[in-house]
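Here the structure comes first, spelled out in structure tokens, and everything after it is commentary.
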Amino acid sequence: MQLMADTDVLYNADCPVCSREIDHYAKLSAAQALPLRYDDLNDASVLHSWGVTADQAARRLHVRQNGTLYVGVPAFVVLWQSLPRYRWLARLVSLPGIYRLAHWTYEGVLAPLLYRSHLRRQARTAR
């Protein structure tokens with residue numbers, strides 16, 4: 001039997017879209033006792049252990065597996081590979097043409113939209 005790698009996920013728990021998706025993954029991994037840990041980037045003590053700034057963390061999903069840091073679409077692929085119900089998606093997104101499309105969509109559209117929403121939430125709470 002192959003042992004699963006320890007996988008840590010750094011995400012924005014204040015982002016409604018991010019937290020909904022990651023909460024779903026967290027429930028799946030907890031139900032199957034998978035070695036995944038989910039860290040909220042809004043916890044300053046967590047950021048230090050990741051070696052990223054709050055701004056860097058808010059811009060993209062970060063996943064660390066066995067000491068290697070993955071950011072953006074590669075982070076999603078590593079996360080999905082760690083979840084039995086999502087391994088098919090990791091394989092699909094890893095295909096060259098699909099990967100390019102996923103990368104363009106995430107980096108060019110989704111991540112910037114989520115980041116701008118994050119900045120607006122921060123501005124509202126700073127008032």
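Assorted remarks:
- Rounded to 5, the percent of DSSP beta bridges in the chain classed as antiparallel: 60
- Residues residue 6 and residue 28, FRET efficiency given R0 of 25 Å [Cβ-Cβ distance, rounded to 0.05]: 0.90
- Residue-span extension gain [residue 91 to residue 107] - 0.36 nm each, minus C-alpha spacing: 3.8 nm
- Taking 7 Å steps out from each Cα toward its Cβ at residue 43 and residue 123 produces label points 3.0 nm apart.
- Alpha carbon convex hull of the chain, projected area averaged over orientations, nm²: 8.2
- Span-like helix ranges in the chain, DSSP H, alpha carbon extent 18 angstrom or more, Kyte mean at least -0.5: 16-31
- For the range 26-127, size of Cβ-based charge dipole, Lys and Arg +1, Asp and Glu -1, in debye: 300
Readers should treat all values here as calculations from the given coordinates under stated rules, not as data from a laboratory. This structure is a prediction, so every number in the text was calculated from the model and none was measured. Heads up, the Cβs are rebuilt from the backbone with ideal geometry, glycines too, and the neighbour counts pull from every protein chain shown.
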